[in-house]
Amino acid sequence: MNPFIRILRPANCIMSSFAILLVGLIAAGPELLQHSISLLLGMGTVFLITGAGNVINDYYDREVDKINHPERPIPAGEIAPSTAVIYAAVLFGMGILLAYLISTCALLIAAYAVFVLLLYESSLKYEGFVGNVAVSILVGMLFVFGGIIFGKLYLMVVFAFMSALANLGREIIKDVEDMGGDINRKTLPKKIGRRKAALVALASLVLAVALSPIPYVFFSFSLYYLIFVAVSDGIFIYAALIQFKDPHRGQKMVKYGMLAGLGAYLIGGLT
């Protein structure tokens with residue numbers, strides 16, 4: 001595969017862009033085809049910005065990757081670091097242009113996502129909890145971006161908070177799991193201790209669960225949504241409890257809970 005394609009991690013970009021399709025189905029339901037151009041522009045925006053973020057990640061991690069991932073294009077000598085920076089800038093610019101073609105609000109969201117990505121790669125990922133929050137904001141921003149494209153912004157903001165909180169809980173649990181190997185990161189468990197960090201993760205997951213009835217109560221989502229989101233909530237609660245003894249299993253269960261939650265969101269949007 002061409003190194004300029006490989007450095008994008010295209011499978012990752014495709015998965016991220018398909019999140020916009022999912023959000024479109026949740027927000028617009030059967031009327032999604034009426035938003036086909038906006039859908040394509042939105043998916044293209046996410047694909048390009050995600051790819052640019054992956055390029056920047058490889059740029060900042062180029063020295064570490066000489067040991068951990070020598071096959072990647074920069075440490076392998078296939079792409080020069082300076083070329084990678086230019087490539088990322090072009091991709092970011094193209095992504096922002098596509099967002100501009102959607103709307104001014106979409107442009108602002110895309111620009112903010114680029115800012116957070118750059119800040120994360122340059123400094124925040126070494127700061128533990130602040131980096132966890134930054135990553136979780138980016139997860140939530142997918143729903144906000146979709147809400148701007150397809151409407152129902154207030155509903156998408158609720159989903160954004162739920163997803164961001166669940167992801168934050170998972171990021172903290174992963175830091176608890178990796179506590180012994182995190183040498184150059186000021187993670188939350190290293191700052192306040194393993195158990196207190198686990199309690200913060202529990203609080204984040206419980207808050208995500210507490211928000212889950214809102215689409216049913218205030219946005220007329222069907223009973224099917226409530227049933228399926230209860231499955232997701234049950235997984236989150238289980239994960240929040242078992243992570244005290246088994247953080248590896250706990251963070252895995254949060255991931256499954258997030259997938260179940262997406263299914264619930266989709267069912268709620270289509271029924």
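General remarks:
- Answer residue from the range 104-122, given it is in contact (Cβ under 8 Å) with a residue 40 or more places away in the chain and closer than 12 Å to residue 146 by Cα and is surrounded by the fewest Cβ atoms within 10 Å (Cβ to Cβ) among those: 105
- For residue 171, the criteria (1) touching a residue at least 24 places away in the same chain (Cβ under 8 Å); (2) farther than 21 Å from residue 132 by Cβ; (3) of a type in the set (D, E, K, R) hold in every case but one, which is (2).
- For the range 174-195, the condition holds for at least one residue, the condition being that it is within 17 Å of the chain's Cα centre (by Cα) and within 24 Å of residue 121 (Cα to Cα).
- For the range 34-76, a tally of residues being within 30 Å of residue 109 (Cα to Cα), of a type in the set (Asp, Glu) and assigned to a helix (DSSP H, G or I) returns 1.
- Residue in the range 62-72 that is buried (at least 17 other Cβ atoms within 10 Å of the Cβ) and within 21 Å of residue 116 (Cα to Cα) present: yes
- Residue within the range 164-173 that is acidic (Asp, Glu), out of contact with any strand residue (DSSP E or B) (no Cβ under 7 Å at 6 or more places or on another chain), modelled with pLDDT of 90 or more and closer than 22 Å to residue 64 by Cβ present: yes
- The range 61-76, subset of a type outside the set (Val, Ile, Thr) and under 15 Å from residue 2 (Cβ atoms), residue farthest from the chain's Cα centre (by Cα): 76
- Among (1) touching a Pro at 6+ places or on another chain (Cβ under 6 Å); (2) closer than 20 Å to residue 138 by Cα, the one test that residue 212 misses: (1)
- Scanning the range 229-256 for residues that are touching a residue at least 40 places away in the same chain (Cβ under 8 Å) and buried (at least 18 other Cβ atoms within 10 Å of the Cβ) returns 236, 239, 240, 243, 247, 250, 251, 254.
- Long-range neighbours under 6 Å by Cβ, at least six apart or interchain, first residue outside any helix (DSSP H, G or I) within the range 9-27, second surrounded by 15 or more Cβ atoms within 10 Å (Cβ to Cβ): 9/54
- Qualifying residues in the range 18-52 (those that are among the polar types (S, T, N, Q) and surrounded by fewer than 22 Cβ atoms within 10 Å (Cβ to Cβ)) - the one farthest from residue 91 (Cα to Cα): 34
- Filtered residue count, the range 30-71, keeping only those that are farther than 22 Å from residue 85 by Cβ and among the polar types (S, T, N, Q): 3
- Under the condition of being aliphatic (A, V, I, L, M), in contact with a helix residue (DSSP H, G or I) (Cβ under 7 Å, 6 or more places away or on another chain) and either assigned to a helix (DSSP H, G or I) or not assigned by TED's automatic domain parsing to the domain that holds residue 67 (or both), the residues counted in the range 77-95 number 5.
The values are calculated or read from the model by the stated rules, or taken from the named source; none is laboratory data. None of these values were measured; they are calculated from a predicted model. Here Cβ is always computed from backbone atoms with ideal geometry, including for glycine, and neighbour counts include all displayed protein chains.
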